[in-house]
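Enquirer: Can you read through this structure? Questions will come right after.
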Amino acid sequence: MRIVVPILLIALFGVFSLAVMGMEAFWETWRKPDPQPIAFPHDLHAGKGFTKLSNGEVVAKLGMECIQCHVYVNVSKQATVPAVSICKDCHQKLPVRTEEQQKLKDYLDRNEAMIWQKIHSVPPHVFFSHKRHIKKGIDCAVCHGDMTVVKTVTQVRTLQMGFCVSCHVKNEAPRDCWTCHK
């Protein structure tokens, strides 16, 4: 009997450990979206200062505002991802210096839409309007993180109810259920 209890405790601990490792693996797999068609460097486009391209060349960051590419963010419920035609406005005049710029040029030459993977989303029963938040002066970084330093976009906030309610409380925004829930 003295040996049975320690063996059971070890077995229980082993099962618990395997369950935790399985949940971790599932969480990491679930959180990672499929790769984007182009590794878009937000830090280069939105940041200030200098950065090094993948070819080693040092270039100035552009300091662009989010709205320059996400053109419907202040007039639509959705921010939308940029169409390839928006990229074309600047990139058709630039020389190709990196592999990612070559991918973009190929999309432009084929006049083919890029299918971006969705990173940020809220449940279907939630109504969220980018336009409302932009018009109130809420900075995109509050929900999406600081894009001036991000090379690869990941979801950095939970976008769950507690996150949103705490922001509404802080900013004295409406908190009745029907403000956000359909």
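The values are calculated or read from the model by the stated rules, or taken from the named source; none is laboratory data. If you're wondering where the values come from, they're calculated on a predicted model, not measured in any experiment. Using ideal geometry, Cβ is built from the backbone for each residue, glycine included, and neighbour counts are taken over all protein chains shown. Just so you know, the surface numbers come from the protein's heavy atoms only, side chains and all, with ligands and any DNA or RNA stripped out. Shrake-Rupley method; radii C 1.70, N 1.55, O 1.52, S 1.80 Å.
Enquirer: How big is the gap, in Å, between the Cα center of segment 70-86 and the Cα center of segment 96-138?
Expert: About 7 Å separates the Cα centre of segment 70-86 from the one of segment 96-138.
Enquirer: Tell me what the chain gives for mean residue ellipticity at 222 nm when only DSSP H runs of n ≥ 4 count, each as -39,500 (n - 2.57), the sum divided by the residue total, rounded to 500 deg cm²/dmol.
Expert: Taken over the chain, the calculation gives -12000 deg cm²/dmol.
Enquirer: Which order, highest average first, do 12-19, 96-103 follow once you tally other Cβ atoms within 10 Å for each residue and take the mean per peptide?
Expert: Output ranking for 12-19, 96-103: 96-103, 12-19.
Enquirer: Sort Thr148, Thr154 by heavy-atom solvent-accessible area, probe 1.4 angstrom, most to least.
Expert: So the residues, ranked largest to smallest area, are Thr154, Thr148.
Enquirer: Just to confirm a number: summing +1 for Lys and Arg and -1 for Asp and Glu over residues other than His133 whose beta-carbon lies under 12 angstrom from that of His133, what do you get?
Expert: +4
Enquirer: Along the charge dipole of segment 40-182, which of Phe40, Ala79, Val58 sits closest to the positive end, that is, farthest toward it, with unit charges on the beta carbon of Lys, Arg, Asp and Glu (+1, +1, -1, -1)?
Expert: Positive-most Cα among the choices belongs to Ala79.
Enquirer: When a/c reaches 1.5 or more, the comparison of a/b and b/c decides; with that in mind, is segment 132-182 rounded, prolate or oblate per its Cα gyration tensor?
Expert: Because a/c hits 1.5 or more and a/b exceeds b/c, segment 132-182 counts as prolate.
Enquirer: Next question, about the same structure. So which DSSP H runs in the chain come out at 27 Å plus along the axis (Cα) with average Kyte-Doolittle of at least -0.5?
Expert: Membrane-span-like by this rule: 4-31.
Enquirer: Let me ask another. What does the charge add up to near Ile38, with Lys and Arg as +1, Asp and Glu as -1, over the other residues with Cβ less than 15 Å from its Cβ?
Expert: Net charge in that neighbourhood comes out at -1.
Enquirer: Below 8 Å, C-alpha to C-alpha, sequence gap of six or more: please give me the relative contact order for segment 64-136 in percent.
Expert: Relative contact order for segment 64-136 comes out at 41 percent.
Enquirer: Provide the net charge surrounding Val122, with neighbours chosen by a C-beta distance below 13 Å and charges set as Lys +1, Arg +1, Asp -1, Glu -1.
Expert: Residues near Val122 contribute +4 overall.
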